[in-house]
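This report concerns only the one structure given below.
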Amino acid sequence: MNVDFTGTRLPHFIAHGSEFDGCDFSRAAFENLLMGSTRTGIGGQEWDGATWPQTVFRDCVFRRTRFPAFTFFGNVRFERCIFDRPGLRRQTATAEAEFVDCVFAGPVRSINFWGRPADGDRVVLGRDHNDFTGNDFTAAELDDFSFRHIDLRAPRLPGLPGYALLDRIADRVNSVLPLVGSWPEDKHRQVARSALEFLGDTAHEWNDDQALVSPAMLGRKLPPALREELFDAFRRTSGDTSRG
């Protein structure tokens, strides 16, 4: 409780069924990290596969914290934690993580947030959904991200000019296809159509035809002017629920 890890190098950090209250991990450098592990530590008892105890970080600060790529979050719950320029990148294994009343600021890249754990983990976790409520992303710079099976009205999300929370994604895709078809360069049309198809499919599968949309999601390889033109047209079709 209330441990100051500021600036600490942490070569091996494994948390299993643990609680961290009021800890400061600012500028800490994790090298090998398992945040909600199935095992108890280096050389610890192997997981019996029957239950998976949850690790909780409560009122902790991760400011300019260095996370290694491909960190395994595991069965971990963050409550009222601050992630300020935390170096969150390529954190792909977050399907069992819960976030409640947390604040995110600065770049948050290549990360997925899940409202449901993987089917095969639900019995050992003792739940069929992950809590994801009250989180504030208004100061975050989201890039290559997704919210999966999450009510997008629950978090506070960044708004215009860089993002728009939109509904009726499938209808919007159909509405902007004529615009894309009018572009002179075939390579640009192909990039946009592929991005729109992916956005429509994932919004339908993950979030009841809703999505937090940014210009980059509509075609990273498009010239900036075309991205902005498409983003403007996409959000101005019917059903705009953008915040900001």
**Asked** What are the ³J(HN,Hα) values, in whole Hz, obtained from phi via the Karplus relation 6.51 cos²θ - 1.76 cosθ + 1.60 with θ = phi - 60°, for each residue of segment 15-27 in sequence order, with x given for Gly and Pro?
**Response** 10, 9, x, 10, 10, 10, 10, x, 8, 10, 9, 4, 6
**Complete:** Among [x] 41; [y] 31; [z] 49, the value of percent of Cα pairs over 27 Å apart computed for this structure carries the label [x]
**Request:** Enumerate the calculated ³J(HN,Hα) couplings along segment 57-66 in order (Karplus 6.51 cos²θ - 1.76 cosθ + 1.60, θ = phi - 60°), each rounded to whole Hz, writing x wherever the residue is Gly or Pro.
**Result:** 10, 10, 6, 9, 10, 10, 10, 6, 6, 9
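Quick one: dipole size for segment 130-202, taken about the Cα centre, charges +1 on Lys/Arg Cβ and -1 on Asp/Glu Cβ, in debye to the nearest 20. Working shown, then result.
Working: 8 positive and 12 negative charges, 46 e Å.
Here the size comes out at about 220 debye.
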**Message:** Can you give me the long-range amide H partners of GLU98? Hydrogens built in the peptide plane at 1.01 Å from N, cutoff under 5 Å, separation of 5 or more residues or another chain.
**Reply:** VAL76, ARG77, PHE78
**Asked** Hey, rough spin-label estimate for HIS149 and HIS12, points 7 angstrom out along Cα→Cβ, what's it come to in nanometres?
**Response** 3.4
**Point-to-point label distance, ALA139-PHE70, nm (Cα→Cβ direction, 7 Å offset)** = 3.3
**Whole-Å distance, taken between Cα centres, linking segment 78-104 and segment 153-217** = 25
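Is the shape of segment 92-147 best called rounded, prolate or oblate, per the rule: a/c under 1.5 gives rounded, else a/b larger than b/c gives prolate, else oblate, with a ≥ b ≥ c the square roots of the Cα gyration tensor eigenvalues? Before the final figure, lay out each step's value.
Values: a/c = 3.50, a/b = 1.80, b/c = 1.94.
It is oblate, given that a/c is not under 1.5 and a/b is not larger than b/c.
Can you send over the carbon and sulfur percentage of the accessible area for segment 121-244, probe radius 1.4 Å, protein chains only? Mind showing how you got there, number by number?
Details: 3020 of 6230 Å².
Looking at segment 121-244 in its full context, I get 48 percent from C and S.
Over segment 117-216, consider all pairs of different Cα atoms and compute the Kirkwood hydrodynamic radius from their mean reciprocal separation; express it in Å, one decimal.
Details: mean 1/r = 0.0651 Å⁻¹.
One over the average 1/r among Cα pairs gives 15.4 Å for segment 117-216.
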**Prompt:** For segment 85-165, with the dipole built from +1 on Lys and Arg beta-carbon atoms and -1 on Asp and Glu ones, taken about the Cα centre, which of HIS129, PHE147, GLY115 lies farthest toward the positive end?
**Reply:** PHE147
**Request:** Let me know the charge dipole size of the chain about its Cα centre in debye, to the nearest 20, where only the beta-carbon of Lys, Arg (+1) and Asp, Glu (-1) is charged.
**Result:** 720
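Hey, could you get me the Stokes-Einstein D for segment 1-144, Kirkwood radius over alpha-carbon pairs, 37 °C and 0.692 mPa s, rounded to whole µm² s⁻¹? Walk me through the numbers on the way to the answer.
On the way: Rh = 15.2 Å.
Estimated diffusion coefficient is 216 µm²/s.
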**Message:** Could you compute the net charge surrounding CYS102? Neighbours are other residues with a C-beta less than 9 Å from the C-beta of CYS102; K and R count +1, D and E count -1.
**Reply:** -2
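The values are calculated or read from the model by the stated rules, or taken from the named source; none is laboratory data. Everything quoted here is computed from the prediction, not taken from an experiment. Cβ coordinates were reconstructed from backbone atoms using ideal geometry, including for glycine residues, and neighbour counts include every protein chain displayed. Accessible surface is based on the protein model in full, side chains and every heavy atom, while ligands, DNA and RNA are left aside. Shrake-Rupley method; radii C 1.70, N 1.55, O 1.52, S 1.80 Å.
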